[in-house]
Amino acid sequence: MKESDSTPYLKKPQWLRIQLPNAEEYSKVKGVLNEQHLHTICESGACPNKGECWSAGTATFMILGNICTRNCRFCNVTTGKPLAADPLEPERIAEAVLKMRVKHCVLTSVDRDDLPDGGAGIWADTIKTVKSASPATTIEALIPDFKGRKEDVQKVIEANPQVISHNLETVRRLTPEVRTFARYETSLEVIRQISASGIRSKSGIMLGLGETEQEIFETMDDLLAAGCQVMTIGQYLQPSARNLRVQKYVSPEDFQRYGEIARQKGFLFVESAPLVRSSYHAEKHV
């Protein structure tokens, strides 16, 4: 997967056209987020489904700021020294959920390796506050690895969201180059801990980074062995010139085939298509 500056860029195929957001609904969601001083991974991560999701009045809230302490080569989120964690953020998230009438709330965060608990305490407070303010709203927590510290993962588990997700992002061989600091086995251990708790566990990978088909199947097997129940599979899209280049655009037919294989192997839910991302159709996974 290593490349020189002379490596040619692959032309984006027709099936990767991104839906533009409905201006009216986009403005409503953007207005609530600005009012509450909140961030979404939809914007910070340059998600290709922002148009579809925001037009439906939904968003994936990103807590603990929008500056990450890690520098994964696939990700568009800003890397640097984050601001101090905001203890009032859980209340602002809950208020936004109420104003947007969110039925299923997805929470995610940057990596906060600067904090003693990686932000796990804020994670737990946010989940509990949303549940208290809007009991009918279901919650998915898309968490970082917390450096593999079981006690911090446990804080999120004890807050009891309906789904806890942690992404492998790529296959074992490519993890050191794609995710830099993170370790494949650490992520599997996080998923194993979630699964053992009885909460529905979920993970996702991106294709097009240089993985082989056999490695895709091995990753499915590793996730199932860790008790993972829900899997998402999507196409990696290079978000900026500083990120890794796409090595291959996988066809919609192959994505459909991978989804069928994953279901046959034993996953309860599988989302597999070029524009699928972690929180795509997340409400179905509860």
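The label-point distance for Ala136 and Asp221, in a model that sets each label 7 Å from Cα toward Cβ, rounds to 4.6 nm.
List, in the order given, every pair from Lys150/Lys202; Lys103/Lys202; Lys103/Lys248; Lys99/Lys147; Lys128/Lys202; Lys99/Lys128 whose Cα-Cα distance in the structure shown is over 25 Å. Before the final figure, lay out the partial values.
Details: Lys150/Lys202 17 Å; Lys103/Lys202 19 Å; Lys103/Lys248 36 Å; Lys99/Lys147 34 Å; Lys128/Lys202 20 Å; Lys99/Lys128 18 Å.
Distance filter (> 25 Å) returns Lys103/Lys248; Lys99/Lys147.
Structural size metrics of the stretch 163-271, computed from C-alpha coordinates, are Rg and Dmax of 13.5, 41 Å. Once label points are set 7 Å from the Cα along Cα→Cβ at both Glu213 and Lys11, what is their separation, rounded to one decimal in nm? Computed distance between label sites Glu213 and Lys11 equals 2.5 nm.
Go through 239-246, 161-168 and give me the packing order, highest mean Cβ count within 10 Å leading. Walk me through the intermediate numbers first.
On the way: 239-246: 14.4, 161-168: 24.2.
Descending packing order for the listed peptides: 161-168, 239-246.
Over the C-alpha trace of the stretch 82-211, radius of gyration and Dmax come out as 15.1, 44 angstrom. Which FRET efficiency value, to the nearest 0.05, is calculated for Glu158 and Leu83 with the Förster distance at 22 angstrom and r the Cβ-Cβ distance? E between Glu158 and Leu83, to the nearest 0.05, is 0.25.
Each value in this text was obtained by applying a stated rule to the coordinates, not by laboratory testing. Since this is a predicted model, take the numbers as computed values, not measurements. Counting neighbours? That spans all protein chains shown, and the Cβs are built from the backbone with ideal geometry, glycine included.
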